[in-house]
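Structure record follows, encoded as structure tokens.
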Amino acid sequence: MKADQAVMHHKRRISIALMVAGAAVLLDAPSLAQELGDAKRGSVLALGTCAACHGVRKGEKSINPLAPPFLAIAEVKGMSGIALNVALLSPHRAMPNIILDSQERADVIAYILSLKTD
């Protein structure tokens, strides 16, 4: 049951991130210019940094039941690079405070979005 609650909690956080990102786009789209990410570099970074908690490869389960697998994150309806950027910049109670520079964020985002199945 705890894992189900964690998934719902993460979905709520992602929904909030999407709303914040949408508001930011409406208010000041030019300021949201992002670096182009490299999914291969993002994969390497995710395997070295995020895999301690998250399932980072397609079909891989998370070690920590409170950390959603990257595939689940990628497949959230409406998931975008902007939403992921906001989520990565926002503190999470159950997540260590990992600081990524803008290029690292862009690379991890490109990797997560590369996992989408549509």
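The values are calculated or read from the model by the stated rules, or taken from the named source; none is laboratory data. On a predicted model such as this, the values are computed, not experimentally measured, just so you know. Note that we place each Cβ from the backbone using ideal geometry, even for glycine, and neighbour counts take in every protein chain shown.
Please specify each residue of the range 80-105 satisfying the condition of being farther than 20 Å from K40 by Cα, surrounded by fewer than 14 Cβ atoms within 10 Å (Cβ to Cβ) and among the small types (G, A, S).
Scanning the range 80-105 gives S90, A94.
Yes/no matrix, rows are residues, columns are (1) in contact with a strand residue (DSSP E or B) (Cβ under 9 Å, 6 or more places away or on another chain); (2) at pLDDT 90 or above; (3) in a loop (DSSP other than H, G, I, E, B):
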| residue | (1), (2), (3) |
| --- | --- |
| R12 | no, no, no |
| S15 | no, no, no |
| G22 | no, no, no |
| L26 | no, no, no |
| K40 | no, yes, no |
| A51 | no, yes, yes |
| E60 | no, yes, yes |
| I63 | no, yes, yes |
| I82 | no, yes, no |
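Answer yes or no as to whether K77 is in a loop (DSSP other than H, G, I, E, B), surrounded by fewer than 20 Cβ atoms within 10 Å (Cβ to Cβ) and free of Cβ contacts under 8 Å to residues at least 12 places away in the same chain.
For K77, the condition - in a loop (DSSP other than H, G, I, E, B), surrounded by fewer than 20 Cβ atoms within 10 Å (Cβ to Cβ) and free of Cβ contacts under 8 Å to residues at least 12 places away in the same chain - is met.
Looking at this structure, is V108 among the aliphatic types (A, V, I, L, M), part of a loop (DSSP other than H, G, I, E, B), at pLDDT 95 or above and surrounded by 14 or more Cβ atoms within 10 Å (Cβ to Cβ)?
no
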